[in-house]
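Notes to accompany the following structure.
The values are calculated or read from the model by the stated rules, or taken from the named source; none is laboratory data. This one's a predicted model, so the numbers in the text were calculated from it and none came from an experiment. Because the Cβ atoms are built from the backbone with ideal geometry, glycine has one as well, and the counts that use them run over all protein chains shown.
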Amino acid sequence: MFPQEDSLKPFIGQSEDPLLRTSIDLELSSMKPVSNTKHAQKVAIHELQDLEDVDLDDSSLRRIPGSIPPVAYLICLVELAERASYYGLTGCLNNFIQRPLPAGSTTGSVLDPTSDESAGALGLGLGVASFLTQLLSFLAYVTPLYGGYIADTKYGKFRSVWVGVTIGFFAHMVLVVASLPFVIKTLWLSLLLTVVSIIGSGFSAGYIKPNLFPLLVDQYAVDENYIKVLSTGERVIVDRDATLERMSLIYYFFINFGCFVAIFSSIIERAFGFWMTYGFTALVYSVLPIMLIYLKPRLHLSEPTGVSIFEEVIVLLKELFQRGWLTRMSQGRFWSIEISADTQKLAPSVTVEDLSTTIQSCVIFLYFIIFNLNDGSIASIQINQAGSMRTSGIPNDMFQSFNPLAILIIIPIQDYVLYPLLRKRRLTFHPIHKITVGFCISATGTLVGAYLQYLIYSRSKCGWEGASECETVAPISAWWCSLMFGLQATGECFATVTAYELAYTMSSPAMKSFVVALFLCSNAISSVIGEMISFWAHDPNLYAIFMSCALLGYGFAVVFLLQFRNLHKQLNS
């Protein structure tokens, strides 16, 4: 049931800040009484005439997103700053580890701004660089399992974000030291500090990533769809799913705006060296504590449950597998079981329905393992590819910034053109279809990368056996790499954004951070595969790596659609 006005007052009263009150007041002022089959969904507060029943599934009424609390945008700004510093750090890490110091340089900068030479420092090669960058990615996406667990059971979402910010600031400062000119001269010391920074950055992301998005969505107080009368007199359905879709798009827009800001790191890296680059990212990161202090009194904060979700899940699973589970599974009703009173006492926060939905989410997230290969897990190889082409003085690691740039363009088109147009025409673009489209577009981006790598091998003076390390680059413009990154970014807008929505909506309140962490964990598995690929990441294998990832992406998209083509019917029921 939708909460009555009185039930919302305690929530509104938690903050005197107008940022939080404005959106909710606007929502309450325009509510109309409706009913959905047997139960009333909304009681009018300011307007109590025309009380006929209205079916919320009525397709004749247009659906619109609700008002988003302004405080939600401030949470997105926190994510922007965190991602700007994170990608500013990781974007230059590959060059820092892989390539040697340019001739005459002590900081890693390129002295001749017009040359095709790339910045570098440690000179440990593509294999080591790929391994360490994938290690960072692995940690950043596996530690959210712990960060989400701690948030749900002990610290709460906001306090967990604070822990991550503290660890991250330490990691940034360590990398600044590792990139100082006199430290770079001592290879083992610089490498050791770099590894320490990588580990710290990974754990920092583990506390922040699974908690910031649920914290954002928690600020939207409306739990059900309802009828609203516009100023034109038109009656519309304010759709919660459409609202969460918009919040997800805005959140992802801010993420990638932060990623695009990281383009300055590539410029600073090439012009001034790595210590200046990582000093810049540390400066950006230092904004986070200030923003969190400002935000705390303005947020609606849910208390942690204080119980271990893992323990409760294990208790439920034990009972599910004790009594005739094989028969139920063969009949397609594995989850149809009456849980005993003792089990309900031991697992009060998780129901069988919650567990069933979570398991289904996990199966969906498994398909993102291959999607992520086409969207970041081979980033070191893609950056290396740009460095093997004619850059005309542009940093080779700057071309990956076309990924967030494309997202900044695509998301407003989705939010203000594509999705409203589909809603206006009463066409439903189901989540599974969005994800499938995203999978295919991202795989197409990697296919473009395979073609570019083939051209590099064909036209490089060093041929298939040494194009990556050749003293002269292939006579192909590196700007073609922007097409590869742009297509992969478009795939993200459809697949990843939708996965965030599913991770939140397909989970109980006690498991939201945990389920988001499970989704992020698919990136960790992709990183492990990326680690294995790194052992073959040398000439002449790069073309085969690109092509294999692209074909896997197409294949998994087809299997995914076939398996989950009816998921929207299950969710509606």
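Here is how the numbers come out for the structure above:
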| read-out | value |
| --- | --- |
| Subset of region 110-136 (residues that are on the phi < 0 side of the Ramachandran plot, surrounded by fewer than 22 Cβ atoms within 10 Å (Cβ to Cβ) and not in a helix (DSSP H, G or I)) | Leu111, Asp112, Pro113, Thr114, Ser115, Asp116, Glu117, Leu124 |
| Checking Ser392 against (1) of a type outside the set (Phe, Trp, Tyr); (2) modelled with pLDDT under 90; (3) part of a helix (DSSP H, G or I); (4) out of contact with any Gly (no Cβ under 7 Å at 6 or more places or on another chain), the condition it does not meet | (3) |
| Sole residue being touching a Lys or Arg at 6+ places or on another chain (Cβ under 7 Å) and touching a residue at least 12 places away in the same chain (Cβ under 8 Å), chosen from Ile476, Ile545 | Ile476 |
| Some residue of region 552-564 being assigned by TED's automatic domain parsing to the domain that holds Ile383, at pLDDT below 90 and assigned to a loop (DSSP other than H, G, I, E, B) | no |
| Check on Leu139, touching a strand residue (DSSP E or B) at 6+ places or on another chain (Cβ under 9 Å) and in the same structural domain as Thr281 (by TED's automatic domain parsing) | no |
| So Met511, is it closer than 23 Å to Leu366 by Cβ, more than 24 Å from the chain's Cα centre (by Cα) and touching a residue at least 40 places away in the same chain (Cβ under 8 Å) | no |
| Filtered residue count, region 529-573, keeping only those that are among the β-branched types (Val, Ile, Thr) and surrounded by fewer than 17 Cβ atoms within 10 Å (Cβ to Cβ) | 2 |
| Residue within region 187-199 that is assigned to a helix (DSSP H, G or I), in the same structural domain as Ile290 (by TED's automatic domain parsing) and under 18 Å from Cys521 (Cα atoms) present | yes |
| Exclusive hit being small (Gly, Ala, Ser), in the same structural domain as Ser522 (by TED's automatic domain parsing) and closer than 30 Å to Pro395 by Cα, set Ala221, Ala242, Ala282 | Ala282 |
| Any hit, region 292-302, residues being in contact with a Pro (Cβ under 9 Å, 6 or more places away or on another chain), closer than 26 Å to Thr505 by Cβ and part of a helix (DSSP H, G or I) | no |
| Some residue of region 385-408 being under 27 Å from Gln563 (Cβ atoms) and of a type in the set (Phe, Trp, Tyr) | no |
| Filter result for the condition that a residue is surrounded by 17 or more Cβ atoms within 10 Å (Cβ to Cβ) and polar (S, T, N, Q), over Ser330, Ser340, Ser336, Ser349 | Ser349 |
| Unmet criterion (only one of (1) out of contact with any helix residue (DSSP H, G or I) (no Cβ under 9 Å at 6 or more places or on another chain); (2) modelled with pLDDT of 90 or more) for Ala495 | (1) |
| Verdict on Ile314 being within 30 Å of Tyr155 (Cβ to Cβ) and either at pLDDT 75 or above or within 34 Å of the chain's Cα centre (by Cα) (or both) | yes |
| Helices (runs of 4 or more DSSP H) (entirely within region 408-470) containing at least 1 residues that are under 26 Å from Arg390 (Cα atoms) | 431-459, 463-466 |
| Check on Ala489, part of a helix (DSSP H, G or I), closer than 30 Å to Ser349 by Cα and not β-branched (Val, Ile, Thr) | no |
| Condition met for Phe96 (touching a Gly at 6+ places or on another chain (Cβ under 9 Å), part of a helix (DSSP H, G or I) and modelled with pLDDT of 90 or more) | yes |
| For Ser179: the one exception among (1) of a type in the set (Ser, Thr, Tyr); (2) over 18 Å from the mean Cα position of the chain (by Cα); (3) farther than 21 Å from Gly279 by Cα; (4) buried (at least 24 other Cβ atoms within 10 Å of the Cβ) | (3) |
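Residues checked against (1) surrounded by fewer than 24 Cβ atoms within 10 Å (Cβ to Cβ); (2) of a type in the set (S, T, N, Q); (3) at pLDDT below 85:
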residue	(1), (2), (3)
Ser460	yes, yes, no
Glu465	yes, no, yes
Glu471	yes, no, yes
Ile476	yes, no, no
Trp479	yes, no, no
Met484	no, no, no
Gly491	no, no, no
Ala499	no, no, no
Ala503	no, no, yes
